[in-house]
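Right, one structure below, let's go through it.
Any read-out appearing in this document is the output of simple, stated calculations on the displayed coordinates, not a laboratory observation. Since the structure is predicted, the reported quantities are computational estimates derived from the model, not experimental observations. Reconstructed Cβ throughout: ideal geometry from the backbone, glycine too, with neighbour counts over all protein chains shown.
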Amino acid sequence: MSTDFRALAVSGVQSLAPYVPGKPIAELERELGIANIVKLASNENPLGPSPRALAAVERVLRDTTLYPDGSGFSLKKKIGEYFHVDPARLTLGNGSNDLLDMVARVFLGPGRRSVFSQYAFAVYSISTQAVGADCVAVPARGFGHDLEAMASAAQNASVVWLANPNNPTGTWFDRAAFEKFMAAVPEKVVTVLDEAYSEYVDDERYPNGLDYVARYPNLIVTRTFSKAWGLAALRVGYGVSSPQIADLLNRVRQPFNVSTPALAAAEAVLDDADYLARSVQTNREGLRQVTQGLAGLGLGVIPSIGNFVTFDCARPAQAVFDALLREGVIVRPLAGYGMPRHLRVSIGTREQNARFLSALQKVLS
Ligand SMILES: *Cc1c(COP(=O)(O)O)cnc(C)c1O
C-alpha cells in the first residue's frame, strides 16, 4: 500500500486519540478464560432493564422493516410532559454523545475553540477535534471544574462544556456557582451542561439545568437514558435548549438517529417511576458502601454524587487494574485522563460492590 491515508485525514482527526471504552465482559472471558465476571467499568445500571422497557421493545420488534419516526414525535411529547418542557426545545440523540457531536458540528470548526475542564469527560475533546476546532483544557480545582477560570477562558470561545456531576471525577458545582458562571459568559458562547447523572443527585444546592433553559438562550442541557434509566445499549439521550438552537441541531442530526426500539423503550421507562426510584436507592446505598469500603482500605476517595467513585491507589493504577481483572473484576483506568494513580469504579449491586472491595483488598495486600 503506497498511499498514506493518515496524511489525507483532516488534521484534527490525525491527532485524535480514540475513546477507550470499558473492557467488555466477553473480551475478558476470552482473554483469561474465567467466568462470573463483574463489570463496574462503564457506569451502567446494575439492576437490568425495566420490565416495561423490555416489553415495549418486544412490541415494536415486528416493525423492524420500517424506518423509525425520524422526528421522535411521541418520545418528545412524553419527555415534554414529564419534565414540563416545550417539545420544540428538544433534540433526540443516539445517546447524549450524539448531541455533543451535533453541538460541535453546528458551533465549532477550524479557527474556533471549545473550553472544558481538565479531567472532564473525554468526548468533549474528541467532538471538538473531529471538526477541526481547538481545545482549551482549564486546570481543575481539586478535581472539579474551576468555573471562574473557565468563564475567563470562555470569553473568546464558541462552546463551553460543563459536566455536572463530572465523569470521571464525580465532582459537582452548585446553583450559585453555575449562575455566576452563566452571568460571566457572553451570550454568544454556547454552554453545554451535561447532566448524564443528574437523576442520582439529591442535594437542593444542585442546579437542575431544565430550570435554566428559558433564562439562558445559549444553554444546552444534555440528558441520557443510559444511566439511571438503564438503557445504555439502546442509545438514546436528549438535549434541551432554546427552540432556535434545537432547530440548528436538527439540521445536522442524522435523519433516523434514534432506533424504534430505543424510542419505544425510553417512552415506556418514563412511566416506570418504581424503576427510577430503585436505581437511585440502589446507587445511594452502594455509593456509601463503596466509599466507606475504599476509605477503610486507607485509599483517598474523590467524593462523588454520580453512580461511580474515583479513588487514588497510592501507586501506579495499571497494575491494580490488571490484578483486579485476574480476580474477574473490571474497573476503569484513568491514565488517559492524566490520572495514572486513580481508578474509577461504577456502583453495582450490594453483592457486586462487596466482590469489588474484597478483590481490591486482596490485590492491594
Ligand atoms: C455516560 C455519559 C454520557 C452519556 O452517554 P450516552 O450513553 O451517549 O448518553 C454523557 N456524558 C457523560 C459525562 C457521561 O459520563
Q: Quote the relative contact order of segment 1-145 in percent (integer), defining contacts as alpha-carbon pairs under 8 Å separated by 6+ residues.
A: 24 percent
(Q) For a quick check: with amide H placed at 1.01 Å from N, whose amide H comes under 5 Å from R113's, ignoring anything fewer than 5 positions away on the same chain? (A) D134, S158, V159
Q.
Apply the Karplus curve 6.51 cos²θ - 1.76 cosθ + 1.60, θ = phi - 60°, to the phi angles in segment 284-293 and return the couplings in whole Hz, x for Gly and Pro.
A. 4, 5, x, 4, 5, 4, 6, 4, 5, x
Q: Tabulate in residue order the Karplus-calculated ³J(HN,Hα) for segment 116-125, using 6.51 cos²θ - 1.76 cosθ + 1.60 with θ = phi - 60°, rounded to whole Hz; enter x for Gly and Pro.
A: 8, 8, 3, 6, 7, 3, 4, 5, 4, 6
Q. Which residues' amide hydrogens lie under 5 Å from the amide hydrogen of F308, considering only partners 5 or more residues apart or on another chain, with H built in the peptide plane?
A. I347
Q: Round to the nearest 0.05 the FRET efficiency obtained for V13 and A149 when R0 = 25 Å and r is the Cβ-Cβ distance.
A: 0.30
Q) Remind me, relative contact order of segment 71-180 in percent, using alpha carbon pairs under 8 angstrom and six or more residues apart? A) 24 percent
Q. Hey, can you rank 46-53, 297-304 by average C-beta count inside 10 Å, highest first?
A. 46-53, 297-304
**Q.** Relative contact order (%) - criterion: Cα under 8 Å, at least six apart; region: segment 132-187
**A.** 37 percent
Q) For the cross-link pairs K23/K78; K39/K77; K39/K180; K76/K188, which exceed 32 Å when the distance is taken from alpha carbon to alpha carbon? A) K23/K78; K39/K77; K39/K180
Q. From the Cα gyration tensor of segment 1-45, with a ≥ b ≥ c the square roots of its eigenvalues, which class applies: rounded if a/c is under 1.5, or else prolate if a/b is larger than b/c, or else oblate?
A. oblate
Q) Measuring from a point 7 Å past the Cα of E285 along Cα-to-C-beta, which residues in segment 217-252 have an amide N at less than 20 Å? A) 228-230
Q) Can you list the HN-Hα couplings for segment 107-115, worked out from phi with the Karplus curve (6.51, -1.76, 1.60; θ = phi - 60°), rounded to whole Hz and with x for Gly and Pro? A) 10, 10, x, x, x, 10, 9, 10, 10
Q: Pick out which of S226, S11, S127 has the largest mean-square fluctuation in a Gaussian network model of the chain, springs linking Cα atoms closer than 10 Å.
A: S11
(Q) At 0.36 nm per residue, and after removing the present C-alpha to C-alpha distance, how many nm does the segment from D274 to V252 gain when stretched out fully? (A) 4.3 nm
(Q) Check which residues have an amide H placed less than 5 Å from A41's amide H, if you skip close sequence neighbours. (A) S346
**Q.** Rounded to the nearest 20 debye, dipole of the chain from Cβ charges on Lys, Arg, Asp, Glu
**A.** 440 debye
Q. Rounded, prolate or oblate: which fits segment 1-142, taking a ≥ b ≥ c as square roots of the Cα gyration tensor eigenvalues, rounded meaning a/c under 1.5, else prolate when a/b beats b/c?
A. oblate
Q) Between G109, H84, V185, whose Cα lies farthest towards the positive end of the dipole of the chain when Lys and Arg beta carbons carry +1 and Asp and Glu beta carbons carry -1, centred on the Cα centre? A) G109
Q | Highest average packing first - 152-163, 73-84, 237-248, Cβ atoms within 10 Å | A | 152-163, 237-248, 73-84
Q: Would you mind working out the magnitude of the charge dipole of segment 240-365 relative to its Cα centre, with +1 at each Lys and Arg C-beta and -1 at each Asp and Glu C-beta, to the nearest 20 Debye?
A: 500 debye
